[in-house]
Amino acid sequence: MTSIVIPAHNEAPVIGRLLDALLADSLPEDDPDIVVVCNGCTDDTASVAAARGPRVRVVEIPVPSKHAALRAGDDHARGFPRVYVDADVVIGGADVRTLTEPLEDETSGILATAPQRRIPLAGCAWRVRAYYRVWQRLPAVREGLFGRGVIAVSKAGHARISALPPLMADDLAASLAFTARERRVVDAAGVVIRPPRTWPDLIRRRIRAAVSTAQVEQHQGPQQASARTSKADLKAIVREKPGLLPSVVVFVAAALAARRGSRKAIRAQDFGTWLRDESSRQN
């Protein structure tokens, strides 16, 4: 049986759309085990999730910690493959089944999978759209399991990521825990990730990414933080599509703003302050 663990901190506005998508095309003979872990919630996340019926089990913990929520979810989950899903994305039950298929073949050598991103940019500020036109073309972004809001692991893959320390960039750390041969982006499975709508919200998200990447580097070494963008990556994008040069300029501006904004937190070793983007959670 596939288990789906959803950590959720004050996600009442969005948790319902995810659960509805998971349940809408679930097969009776292959019903997933869905565990929603409400961590430190002060809103109606738990009641919204519980309203989806007995196929959704709700666990509540007092600490607002994603790492603690993931571990609590593991304690209550019943099976493998195990799929970890952020509450603010949307993925359907059929996509989950497609995502877990490579993990069920023990001879494949695949220990972890993630779906293709679908990022709806309509309604976003032009600079946000320009940023994502570049970001989605970066090699590490295309090939890594991070930044998708969904990671599925086999039992052996779970043993590897369960040993990871609590990190802000838990998805980046999980992606780096597997070699290129052990992980796979499953093209036939998709997840909808709603981007920030405004430039300030994008910068907040990028500051969080810069801080969390620095934390990963401290634990695993800079050579392991392969999500960093190089000048060569950007030059290759412009060579391939010269018309993207203005978008690359916007991308660099965002990267510089995030670097400046992250310095104080990195110096203070503040890896607990979560700069949350609320604009992507608006309907």
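Each value in this text was obtained by applying a stated rule to the coordinates, not by laboratory testing. This is a predicted model, so every value here is computed, not measured. Cβ placement follows ideal geometry from the backbone for every residue including glycine, while neighbour counts extend to all protein chains displayed.
Applying a DSSP loop filter and a limit of 14 other Cβ atoms within 10 Å to the trypsin sites (Lys or Arg not before Pro) in region 35-95 leaves ARG55, ARG78.
At most 15 other Cβ atoms within 10 Å plus a DSSP loop assignment makes a site exposed; report the longest stretch of the chain without any exposed GluC sites (Glu not before Pro).
107-277
The DSSP beta bridges internal to the chain are antiparallel in roughly 25% of cases.
In the distance distribution for region 1-144, Cα-Cα pairs more than 27 Å apart total 29 percent. Amide H contacts of ILE34: ILE4, ARG57, each under 5 Å away and 5 or more positions distant or on a separate chain (H built 1.01 Å from N in the peptide plane; Pro and chain starts excluded).
If the reach is capped at under 26 angstrom between alpha carbons, list the lysines near LYS155, excluding any in the same chain fewer than eight residues apart. LYS155 reaches LYS66. Other residues with beta-carbon under 10 Å from the beta-carbon of VAL134 carry, at +1 per Lys or Arg and -1 per Asp or Glu, a net charge of +2. For the chain, pairs of C-alpha atoms spaced more than 25 angstrom apart make up 46 percent of the total.
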